[in-house]
Amino acid sequence: MSHSGRRVTWRSTTLLVVAFGAACALVNVMPQGTILEQPFLVDGHVGETLDLDYAELTVTEVRTADTLASSQPAVAAGTFLVIDATWEATEGETYFAGAEVVDSQGRTHWPTSRGGCTEGTGSQPGYAWRTTYCFDVPRDALAGATVRLARGTHVHDDQAGQRRDAVAVVDLGITRQEADELWEATDEIDVDAPGFASATTNADEEGEG
Amino acid sequence: MTTLPENPVEAPAAVGWWRRNAVWLVLLPVALVVAAGASSFRIWAFWWPNGLHHEIQHVGAGETARHSEEYYDVGFQVPERANTWVQRDVEVEVLSVTRVDELPEPDYGDPVPVPDGAVPYLVSLRLAAVPRTDLALCTIVLLGDDGARYGEKSPDVLGSSNRCLPPDADDPLSTEPEWSITSPILVDEDAVITEVRFGFGGPGYVTFDVP
């Protein structure tokens, strides 16, 4: 009896060890942070409309400015990378909280709310909503920079709210030569308040008539 | 002298692994359900209360629905209700869902243009509730055949926060036992409206078919 019991114990122990080993191997082969929780990246370029399932996104224009004009003008420590975009939610009211610029060295730059710029915006189905993101970046961040926009936030590389969700990665199309030109420019930009991407007013229609 | 052999002792029937672990096998799915429930608190704590997730009633076109639900009152409007669960009963009837060319004049501010690609709808409702019913977070949604939920946002496109009260209401509390309202909603110009949903931010809502 005891002999039989010992045999069962050894077999169970072996099974447990094998199960733990297999589980550890599985976690190492498919680590959550790098595979299982990865967002679905949708790559694009300026002017292209990207389908993120929950919204359609278009980065319409990329500019730089040393100063953002507003009631409280904002002066950049480096230069402001000003990115105009339109969002149109496709499921229901959606807030787009994720916005960051990643430069060619892998550094992340967060948006500023200075000068009337937005750090996050909401949108509803039915119409496109225009907004402007501004990032205060150093000179060497311009060439090859991409902007990463999504409804979920992406905090400190743990994916946070972007787990297994669509994320737009838009190449800003800035070459090294263009980066130098953009850096030298001393433009001042008056950022438009968020609003309808395009709308026809009665006055427009009467003018056309 | 012949000795009869003792009756042979019958060996106990072999008990299989499944039989020996029957109790644990029964408890295993229970444990899995408990573990899943314990690790999914975000669903009921954050997702469930925010948004229209529970259909209380679904009625046909022209019929009246009753939105009955408890909500936790923090006492902003009625201090004596602060930090209590309050039963809210509102009778709702959809009078019309009309596609129009322009948005109505807002109560304050400049006229709001219709964005390209969208068309405005006016949703007229008859509401009935006991006076001093709190109608904050009232949500009127048009469901399109594309699956999109139009008009979820509050304030609405004209900036009105009290969507379910007359425009001259001072606060979200009802004053009359019965009243009517009209709420503007922008919809994709290609969408066909199939349903109207009415609620108070979530989770309960009532649904009306659109003829």
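Calculated mean residue ellipticity at 222 nm for chain A: -7000 deg cm²/dmol, from DSSP H runs with n ≥ 4 weighted as -39500 (n - 2.57), summed, divided by the residue count and rounded to 500.
Extension gain for B:Val78 to B:Ser180 (0.36 nm times residue separation, less C-alpha to C-alpha distance): 34.4 nm.
Taking the average, over residues, of other Cβ atoms within 10 Å as the packing measure, peptides A:192-198, A:112-118 rank A:112-118, A:192-198 from highest down. Values of log10 I(q)/I(0) for segment B:112-190 across q = 0.19, 0.21, 0.22 Å⁻¹ run -0.81, -0.94, -1.00, by the Debye formula with one identical scatterer at each alpha carbon and no solvent. In segment B:181-200, burial by the other protein chains removes 30 Å² or more of 1.4 Å probe accessible surface, compared with the chain on its own, from B:Leu186. Summarised as an ellipsoid, the protein assembly as shown has semi-axes of 54, 38, 18 Å, derived from the eigenvalues of the Cα gyration tensor scaled by 5 and square-rooted, with the largest first. Per DSSP H run of n ≥ 4, the term is -39500 (n - 2.57); total these for chain B, divide by its residue number, and report the mean residue ellipticity at 222 nm rounded to 500 deg cm²/dmol. -3000 deg cm²/dmol, from helical runs alone.
Gyration tensor analysis over the Cα atoms of chain B returns equivalent ellipsoid semi-axes of 58, 22, 16 Å (largest first, whole Å). Modelled spin-label separation between B:Leu122 and A:Gln177, with each label point placed 7 Å from Cα along the Cα-to-Cβ direction: 5.9 nm.
Shielding value for A:91-100 is 3, the average number of Cβ atoms from other chains within 10 Å of each residue's Cβ.
Model label points for A:Val29 and B:Leu32, set 7 angstrom from Cα along the Cα-to-Cβ axis, are 2.1 nm apart. When the solvent-accessible area of chain B is split by element, carbon and sulfur atoms take up 57 percent of it, the probe being 1.4 Å. Evaluate E = 1/(1 + (r/R0)^6) for A:Leu15 and A:Glu48, where r is the Cβ-Cβ distance and R0 equals 45 Å; express this FRET efficiency to the nearest 0.05. The calculated FRET efficiency here is 0.25. Legend: mean number of C-beta atoms from other chains within 10 angstrom of residue C-beta atoms, peptide A:118-130, equals 5. Could you give log10 I(q)/I(0) at q = 0.30 Å⁻¹ for segment B:156-197, computed by the Debye formula over C-alpha point scatterers of equal weight, without solvent? Each listed q corresponds, in turn, to -1.15.
One quarter of the surface of the convex hull around the alpha-carbon atoms of segment A:39-198 equals 8.7 nm², the direction-averaged projected area. The charge dipole of segment B:143-197, taken about its Cα centre with unit charges on the Cβ of Lys, Arg, Asp and Glu (plus for the first two, minus for the last two), comes to roughly 140 debye. Length gained on full extension, B:Asp168 to B:Val192: 5.5 nm, using 0.36 nm per residue less the C-alpha separation.
Here segment B:58-152 has an Rg and Dmax of 16.7, 47 Å, counting Cα atoms alone. The label point for B:Phe46 and the one for A:Ser71, both projected 7 Å from the Cα toward the Cβ, are 3.3 nm apart. Our estimate of slack between B:Arg99 and B:Leu137, defined as 0.36 nm per intervening residue step minus the Cα-Cα distance, is 11.3 nm.
The values are calculated or read from the model by the stated rules, or taken from the named source; none is laboratory data. As the structure is a computational prediction, the values presented were derived from the model and not from experiment. Backbone-built Cβ (ideal geometry, glycine too); neighbour counts: all protein chains shown. All accessible areas refer to the heavy atoms of the entire protein, side chains included, with ligands and DNA or RNA removed. Shrake-Rupley method; radii C 1.70, N 1.55, O 1.52, S 1.80 Å.
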